[in-house]
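**Q** Please find one structure pasted underneath; my questions will follow.
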Amino acid sequence: MRRLVITGLIVTVAMLGIVYFQQHFVQEDRQKPVTTVFSNSGQAIKQTKQKSQNDAIFLYQLIGKDVENVKKLLGEPKRVDMSEYDYDWWIYNEPLSRYCQIGIEAGKVVSVFVMGNEVDIRPFKLGQSRAEIEAITDIKDKIEFEVDQNFYRFELTADELETTPLVQLKNNVWAQIFIDKFSDTLSSVRFIDSKTLVKLRPFELVYRGELLSANEIEMEKLKQIEAGEAMQILDMTNIIRERNGLDYVNWDEETAIVAFNHSKEMFEKEYFSHRSPIEGGLSDRLIKGGVMFKVAGENIAARYVDAISAVEGWQNSEGHRMTLLNKEFTHLGVGVYEKYYTQNFYQAW
């Protein structure tokens with residue numbers, strides 16, 4: 001069975017946390033071959049009687065549109081980050097209150113992620129309660145659909161239903177809803193088309209026919225993807241801190257190198273821990289990296305599908321959330337390597 005294991009650790013210089021996600025594959029016998037895929041990590045929106053009083057495009061309606069529609073609505077992106085799933089993220093992060101990422105593949109929008117509180121994401125609204133979400137959606141633990149005559153079924157665990165349910169807005173448009181379980185409110189939303197959803201595989205997937213998968217990535221491009229994810233994690237961390245009345249943390253490149261080296265070592269040495277068998281604990285690693293600090297903290301995660309899922313996972317784990325929301329921290333460095341994620345926070349002298 002798929003497992004999410006979370007542990008916490010408190011040391012003299014930091015509050016530390018661990019998120020780990022294991023992945024494996026099984027075969028399920030049916031009349032026709034059906035395969036179940038475990039990946040890390042309501043189907044139909046209920047009809048509302050009221051219509052919008054204007055013709056403004058809702059952000060999810062960008063799915064399937066070309067880039068000119070994006071530019072008309074949002075302007076030019078502040079930067080473009082590659083992803084592992086055949087699309088590029090157009091990043092809109094100024095100001096963070098309007099933060100969103102637009103996934104562009106072959107000139108078309110295939111995904112939209114929103115975390116900025118001032119972005120219109122009707123029929124949803126960031127900060128709305130789970131009860132309000134349930135009033136307009138039909139949340140289910142099994143979701144079936146077809147893409148090019150291939151059958152797919154996502155099966156959500158009880159925890160996923162609580163924190164990341166998936167609902168269908170219209171044909172070929174889905175919404176993965178990220179709920180902050182501590183406040184029981186909507187934290188962010190990922191809108192996505194069916195093909196890209198299958199490639200992403202955020203939940204356990206049963207399929208019959210062809211399993212759509214993203215193209216293989218060259219190592220040099222993977223480095224660029226991981227560098228982009230590190231910056232996304234910085235932005236999302238600061239959004240969460242701002243929501244909770246805290247100051248932003250500033251990017252620190254020396255700390256980012258320490259964090260990257262830890263992610264890389266965990267992958268290469270096949271372990272998952274805050275303590276490196278080679279470099280020691282967090283304080284040892286930061287000191288060796290030339291980082292001077294009063295207090296430091298670390299969050300690590302592995303096997304999440306992307307930076308979005310990793311950050312939302314940290315936010316919904318008490319120990320990691322405490323690290324994200326530690327008012328003492330002033331700086332952050334993030335390192336991503338082969339789906340191992342490390343956040344190193346510290347308070348400067």
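**Q** Using a 1.4 Å probe on the protein heavy atoms, what percent of the accessible area of the range 95-190 belongs to carbon and sulfur?
**A** That fraction is 45 percent.
**Q** Please give the charge dipole size of the range 236-349, origin at the Cα centre, charges +1 on K and R Cβ atoms and -1 on D and E Cβ atoms. Round to the nearest 20 debye.
**A** Dipole of the range 236-349, to the nearest 20 debye: 200 debye.
**Q** Something else about it: Kirkwood hydrodynamic radius, the range 205-330, all distinct C-alpha pairs: what's the number in Å?
**A** Result for the range 205-330 stands at 16.4 Å.
**Q** Once phi is turned into θ = phi - 60°, what whole-Hz ³J(HN,Hα) does the Karplus curve with 6.51, -1.76 and 1.60 give for every residue of the range 339-344, x standing for Gly and Pro?
**A** Using θ = phi - 60°, the values come out as 6, 9, 10, 10, 10, 10 Hz.
**Q** Hey, another quick one. Taking every pair of distinct Cα atoms and averaging 1/r, then inverting, what Kirkwood hydrodynamic radius in Å comes out for the range 57-182?
**A** Computed over the range 57-182, the radius equals 15.8 Å.
**Q** Moving to a separate point now. Plugging the Kirkwood radius over Cα pairs into Stokes-Einstein for the range 123-265, at a temperature of 10 °C and a viscosity of 1.306 mPa s, what D comes out in µm²/s?
**A** 90
**Q** How large is the accessible surface per residue of the range 191-312, computed with a 1.4 Å probe and reported in Å² as a whole number?
**A** 42
**Q** Within the set 125/170; 223/269; 223/294; 142/195; 72/108, which residue pairs have Cα atoms separated by over 24 Å?
**A** 223/294
**Q** Give me the compactness ratio for the range 80-146, meaning the Cα radius of gyration over 2.2 N^0.38 Å.
**A** 1.34
**Q** Sum up the charges of everything whose Cβ sits under 12 Å from the Cβ of residue 126, counting Lys and Arg as +1 and Asp and Glu as -1, but leave residue 126 out.
**A** 0
**Q** How would you rank 169-180, 238-249, highest first, on the average number of other Cβ atoms within 10 Å across their residues?
**A** 169-180, 238-249
The values are calculated or read from the model by the stated rules, or taken from the named source; none is laboratory data. What you are looking at is a predicted structure, and each value in this text was computed from that prediction instead of being measured. Heads up, the Cβs are rebuilt from the backbone with ideal geometry, glycines too, and the neighbour counts pull from every protein chain shown. To get the accessible areas, we keep the full protein, side chains included, count just its heavy atoms, and leave off ligands, DNA and RNA. Shrake-Rupley method; radii C 1.70, N 1.55, O 1.52, S 1.80 Å.
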